[in-house]
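> Once you've had a glance at the structure underneath, I'll fire off some questions.
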């Protein structure tokens, strides 16, 4: 699939290999990522207990769908000193938003593809 509006935040080849090229499975995985991102986002506050756990979870999920830049930013944030948590979490939120935009574009393409039969 060639999508002109992707930022490159997600390498969908990773997802394609993981799902064996099955668009239905890819849609399911991306849907779960999108739904869970809302839950994780609520925990991305330095004063919230468990923000490191949320970042760790995002890191693993991001790697699973091919969002390498997000996974790398999460890896850095996960080990950040508490005093640097706020800017690190800002970077995580920005990278997550970018990855989610790419995921939305990809899911749209998958939907169009399924309509074409």
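No value in this document is a laboratory result; all are computed from the given coordinates. Quick caveat, the model's predicted, so the values are computed rather than measured. As a convention, Cβ positions derive from the backbone with ideal geometry for all residues, glycine included, and neighbour counts pool all protein chains shown.
> Please arrange 35, 109 by how many other C-beta atoms lie within 10 Å of their C-beta, fewest to most.
35, 109
> Using only Cα atoms, tell me the angle between helix 51-65 and the longest principal axis of the chain; keep it within 0 to 90° and round to the nearest 10.
Long axis of 51-65 versus the principal axis of the chain: about 20 degrees.
> Could you give the length gained on full extension between residue 22 and residue 91, defined as 0.36 nm per residue of separation minus the Cα-Cα distance, in nm?
Gain in length upon complete extension: 21.7 nm.
> Also, I was wondering about something else. If you fit an axis through the alpha-carbon atoms of helix 23-41 and take the longest principal axis of the Cα set of the chain, what angle between them do you get, 0 to 90°, nearest 10?
20 degrees
> If one takes the longest principal axis of the Cα atoms in the chain, at what angle in degrees, from 0 to 90 and to the nearest 10, does the Cα axis of helix 85-116 lie?
On a 0 to 90 degree scale, this one is about 10.
> So what's the back-of-envelope 222 nm ellipticity for the chain, counting only DSSP H runs of four-plus at -39500 (n - 2.57) apiece and dividing by all residues, rounded to 500?
That calculation yields -24500 deg cm²/dmol at 222 nm.
> Ranked highest first by average number of other Cβ atoms within 10 Å, how do 71-77, 20-26, 91-97, 61-67 line up?
61-67, 71-77, 91-97, 20-26
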